[in-house]
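Each reported figure results from applying straightforward, stated rules to the coordinates on display, with no laboratory input. Keep in mind that what you see is a predicted model, and the values were worked out from it rather than measured. Reconstructed Cβ throughout: ideal geometry from the backbone, glycine too, with neighbour counts over all protein chains shown.
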């Protein structure tokens, strides 16, 4: 992989920057993978903290992938791409949060004794 | 090319070293980005379905019994590394002079994608052997709607990659091949992001 010689004056530095970007992304993603797997494997946190740690690591890793692998860099990005990400995020929030909210609430109403949608809240024939 | 050059489209920008792609790349990659975002909605809604079906076990086995943390970890490493090797292929496409580096990195990506699928199919088979197929409970229906759909995406990405390698061999790295590689790159990195959410919320969340 020799960088494109001639032509662009900054060809080499851009090559180096992009190579480093992928290496950074890979390194950070490995770290953010090892951390939650290790926490679950050796169960060092109480349950609530564990879920929180897994969620935070996932969110940060998704951002790392967007930044270093998909090259989404807000100040430099085409504004249409960013609008689409925001719009998709909004739709996902409405659909996912709305689905969970409505169906959990429904399960509670069907079976007041159950906090969540348990198999035991179904009629015997569906178990 | 200064560090602050604007990005015309998602993914690595080939820039002025590849003038033949400049004209079409903006609209093609934006269109593909629209497709990926709609695909993200499909996965998101399947995640929501999984979340509400998680306790609908119908007396069947649950995540603690069915998931294997070691296997999920190996799959994660394989897919993450394949995302990195595809990134190296993109760098070779943009800055490399020779085809061999590009084809080499694409082959590495194919092998890692194949390893991922091989491990994932192994997981599914072991679940079937325990009588935990999609017909066992609502929870397992939701699982088998979501996780194999991602595997199917990876499979189609690999078929696409084979087709592009064939085109490189036949026609060289021409404009169409470059634009195809840019789009496949977005697809491949997007699938890795979906997998991050799968391993975090389904595998680790289920085993925690």
* To do: Report, to two decimal places, the Cα Rg of segment B:105-208 normalised by 2.2 N^0.38 Å (N = number of residues).
  => 1.28
* To do: Within segment B:169-203, find all residues whose amide N lies under 16 Å from a label point positioned 7 Å from the Cα of residue A:100 along Cα-to-beta-carbon.
  => B:197-203
* Structure fact -> Cα gyration tensor of segment B:50-170 diagonalised, 5x eigenvalues square-rooted, in angstrom largest first, produces semi-axes 36, 13, 11
* Per DSSP H run of n ≥ 4, the term is -39500 (n - 2.57); total these for the protein assembly as shown, divide by its residue number, and report the mean residue ellipticity at 222 nm rounded to 500 deg cm²/dmol. => -25000 deg cm²/dmol
* Translational D (Stokes-Einstein, µm²/s) of segment B:66-124 at 20 °C and 1.002 mPa s when Rh comes from the Kirkwood sum over C-alpha pairs? -> 177
* Structure fact -> Most exposed first, judged by fewest Cβ atoms within 10 angstrom, B:195, A:101 run A:101, B:195
* Asked: Size of the protein assembly as shown along its principal axes in angstrom, Cα-based, largest extent first?
  -> 74, 39, 37
* Would you mind ranking B:90, B:38, B:81, A:111 by Cβ crowding within 10 Å, fewest neighbours first? => B:38, A:111, B:81, B:90
* With Cα atoms, 0 to 90° folded angle of helix B:19-53 axis to chain B main axis -> 10
* Asked: Based on the Cβ-Cβ distance of residue A:87 and residue B:97, what FRET efficiency does E = 1/(1 + (r/R0)^6) give at R0 = 30 Å, to the nearest 0.05?
  -> 0.15
* Taking the simple approach of a point 7 Å from Cα along Cα-to-Cβ for both residue B:129 and residue B:23, what is their distance in nm? -> 5.7
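Take A:110, B:197 and order them by how many other Cβ atoms sit within 10 Å, fewest up front.
A:110, B:197
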* Could you let me know the centre-to-centre spacing of segment B:160-180 and segment A:17-62, using Cα atoms, in angstrom? => 35
* Asked: Taking the Cα atoms only, what angle lies between the long axis of helix B:138-171 and the longest principal axis of chain B, rounded to 10 degrees?
  -> 20
* To do: With everything on Cα atoms, drop me the angle between helix B:69-95 and the longest principal axis of chain B, reported from 0 to 90° to the nearest 10.
  => 10
* Asked: Rg and Dmax of segment A:8-71, Cα atoms, in Å?
  -> 15.8, 55
